[in-house]
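The numbers here are math on the coordinates, done by the rules we state, and not lab data. As the structure is a computational prediction, the values presented were derived from the model and not from experiment. So basically every Cβ, Gly included, is an ideal-geometry build from the backbone, and we count neighbours across all protein chains shown.
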Amino acid sequence: MKVAVGSDHRGFHAKELVKSYLTSAGHQVEDFGCRGTTSCDYPDFALAGATAVASGKAERGIFFCGTGIGMSMTANKVKGIRAALCHDELTAEMSRRHNDANVLCLPADLLGEALMRRVVDVWLQTDYEAGRHDRRLQKITQFENNGQCCV
């Protein structure tokens, strides 16, 4: 699978860890930055990576910042992105099964290396259930496309 990764300075080390882990598992990884621990702005990297996912240049994205909140908020501004901030295996699984999340946002300051690898594994291996969840995603897409609320 082709995976876009990105981080700000606080997520840099976690990104590098997961990037190496993904590569060793046979995934193709495109790194949208940042390139070190010097203070930088998370929107630059979240927008670049999310745009790659939305355009089909990458199948999924995994982004890191201190809390994961900034990356999640920013990635979700890109049309076609369903970014989920996950803290454990269950939230990762449900983000895929019920929400067909195409971007995983991780809190680099809050998760240890072992948990981060498990969350990534679950998220990459879990399929979308479809069915009753389709109508919910269609409502999101409808609003995203024309700004009309469903109710």
Criterion (touching a helix residue (DSSP H, G or I) at 6+ places or on another chain (Cβ under 6 Å) and of a type in the set (A, V, I, L, M)) met by exactly one of ALA52, ALA101, ALA48: ALA101
Within the stretch 131-146, tally of residues that are of a type in the set (Asp, Glu) and more than 19 Å from MET94 (Cβ to Cβ): 1
Matching residues in the stretch 58-89 - criterion: being in contact (Cβ under 8 Å) with a residue 60 or more places away in the chain, surrounded by fewer than 23 Cβ atoms within 10 Å (Cβ to Cβ) and within 9 Å of the chain's Cα centre (by Cα): ARG60
Test for HIS98: is it in contact (Cβ under 8 Å) with a residue 12 or more places away in the chain, closer than 26 Å to ASP127 by Cβ and touching a His at 6+ places or on another chain (Cβ under 6 Å): yes
Qualifying residues in the stretch 27-47 (those that are among the small types (Gly, Ala, Ser) and surrounded by 16 or more Cβ atoms within 10 Å (Cβ to Cβ)) - the one nearest to ASN76 (Cα to Cα): ALA46
Filtered residues of the stretch 1-26 (kept if surrounded by fewer than 22 Cβ atoms within 10 Å (Cβ to Cβ), closer than 15 Å to ALA58 by Cα and free of Cβ contacts under 8 Å to residues at least 60 places away in the same chain): LYS2, LYS19, THR23, GLY26
